[in-house]
1. I'd like the residue in segment 204-222 that is within 20 Å of Leu171 (Cβ to Cβ) and surrounded by fewer than 19 Cβ atoms within 10 Å (Cβ to Cβ) and, out of all such residues, is nearest to the chain's Cα centre (by Cα).
2. Within segment 190-231, count every residue that is out of contact with any Gly (no Cβ under 8 Å at 6 or more places or on another chain), over 21 Å from Thr150 (Cβ atoms) and not in a loop (DSSP other than H, G, I, E, B).
3. Out of curiosity, is Leu164 in contact with a strand residue (DSSP E or B) (Cβ under 6 Å, 6 or more places away or on another chain), closer than 16 Å to Gly117 by Cβ and crowded, with 21+ Cβ neighbours inside 10 Å?
4. Among the residues that make up segment 54-67, is at least one of them over 25 Å from the mean Cα position of the chain (by Cα), at pLDDT below 95 and not in a loop (DSSP other than H, G, I, E, B)?
5. I'm trying to understand the selection: among the residues of segment 25-53, which are surrounded by fewer than 12 Cβ atoms within 10 Å (Cβ to Cβ) and not acidic (Asp, Glu)?
6. Could you give me the residue pairs with C-beta distances under 6 Å whose first residue belongs to segment 246-263 and is closer than 13 Å to Met224 by Cβ, whose second residue is acidic (Asp, Glu) and at pLDDT 95 or above wherever it lies, and which are 6+ apart or on separate chains?
7. Checking the condition at pLDDT below 95 and either surrounded by fewer than 19 Cβ atoms within 10 Å (Cβ to Cβ) or closer than 20 Å to Asp188 by Cβ (or both), which residue from Gly156, Gly117, Gly131, Gly75 passes?
8. Anything in segment 82-111 that is touching a Lys or Arg at 6+ places or on another chain (Cβ under 9 Å), surrounded by fewer than 21 Cβ atoms within 10 Å (Cβ to Cβ) and farther than 25 Å from Glu157 by Cα? List them, or say none.
Amino acid sequence: MVNKWGVTPDEAEAMTALEAIVNQPIEVLEEVRWGAVGVRQAGGHVIGLELAECRLRTLPEPVSQLTALQDLVMGGNNLRELPEFLTQLKFLQSLNLNNNQLSMLPEFFQNLTSLSGLCLDSNRFARFPEGVIELKALQTLLLSRNRLRTLPTSFGELDSLMILTLDSNKLSAFPEPLVHLEALQYLDLSHNKIANLPASIANLKNLTDLHLGGNKIAGLPESMGGLKSLENLYLERNRLTHLPASLAHLEHLEFLGVRQNPLRKSARELLQHLKNHKEQCFFSW
């Protein structure tokens, strides 16, 4: 295969067309790098393509010829819609559409059933794109810095999710469907307008990282002590005056951040007690 990418002639032809579209060389990369323009190949096929910050308004048609593609990064462009040929990429596992102009996803998006990672950070979603619910293999879903106010009840069907970011949206309440995501390990809901947490948050037995900073939370349920796997809890810049005594039951806790809360004396005494009895834990208060 005499081409600089070491891929089949058909794929080399597609890569040459892509170079003309982005008006710059597309080099071979050893690993994913944010902001890069390049490819990764294996076995004579393109398996990773990164066209970040290329000022693209649409996904270039030659991408459809890269049928072995597993990872596609299109962050930092000007995409407003997606072409249907995406469904031809049967092996696509990771799709990064960060920092574009997307406000909705087409109906065919639900057919990308091999996706395990989807990044939609920094777009214009005011409503959750319903087609994502059909992507049952999703383990990572990133939706930071959008305009979401609620999540549909069906969101709880994404029961393979392990990493979920919803920070910097417009959520006014803790989305109840999240309590059904029992595989969840990392949850970021910081910088929203959440005032309360449901007692059922204790269902998240595998949660290790919980980010709730920059909300309007005035109190925590005693059931917080049921988050047995929790290692890092971020509660900075809320309206907390008290803390539940059940925090003492979090045996794996390594970090507790409660700065910039109007904590009363009883809460500060609890923090001091926790500090004295949890030598492995760092407290920020």
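1. Asp209
2. 6
3. yes
4. No - not one qualifying residue is present in segment 54-67.
5. Pro25, Gly35, Gly43
6. Ser246/Glu222
7. Working: Gly156 fails: at pLDDT below 95; Gly117 fails: at pLDDT below 95; Gly75 fails: at pLDDT below 95.
Result: Gly131 is the single residue among Gly156, Gly117, Gly131, Gly75 that is at pLDDT below 95 and either surrounded by fewer than 19 Cβ atoms within 10 Å (Cβ to Cβ) or closer than 20 Å to Asp188 by Cβ (or both).
8. Once the filter is applied, which keeps residues that are touching a Lys or Arg at 6+ places or on another chain (Cβ under 9 Å), surrounded by fewer than 21 Cβ atoms within 10 Å (Cβ to Cβ) and farther than 25 Å from Glu157 by Cα, segment 82-111 yields Asn99, Gln101.
The values are calculated or read from the model by the stated rules, or taken from the named source; none is laboratory data. Source: prediction; values computed, not measured. Heads up, the Cβs are rebuilt from the backbone with ideal geometry, glycines too, and the neighbour counts pull from every protein chain shown.
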